[in-house]
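Each reported figure results from applying straightforward, stated rules to the coordinates on display, with no laboratory input. Small disclaimer: the values here were computed from a predicted structure and weren't measured. Here the Cβ positions follow ideal geometry from the backbone for every residue, glycine too, while neighbour counts run over all protein chains shown.
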Amino acid sequence: MASVDVSQLSKQEKDELVCAYAALLLHDGEQEITGDKLAKVIKASGNEVEPYWPALFAKALKGQDVEKLLSNIGSAPVAAAAPAAAKKEEKKEEEPADVDMGGLFGDDY
């Protein structure tokens, strides 16, 4: 989404983005993230979102460590990919070179 101009976003994508920025603003200001506060920030910014978005974001972020969420954005997929790659490498060494597919495509009658 970072490489797409905001004017090209769908209404839903724009609403989500506006709420995310409002939540980040509240977090940065060390404020509690509530539906009412999100709605006030969004209104003050000159934006409008569907009425359910602020409450939805507030509920999703309730009890969450926003700082931890922000620090894990870039690391989660990389961390998950590394063990999978290592496991795949181990499997390569164990498998025999000639593998019988045993009717994988329904041709083993």
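Select from the stretch 1-51 the residues that are hydroxyl-bearing (Ser, Thr, Tyr) and exposed (fewer than 10 other Cβ atoms within 10 Å of the Cβ) and list them in ascending order.
Ser3, Ser7, Ser10
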**OP:** Within the stretch 27-54, count every residue that is free of Cβ contacts under 8 Å to residues at least 12 places away in the same chain and of a type in the set (Ser, Thr, Tyr).
**Re:** 1
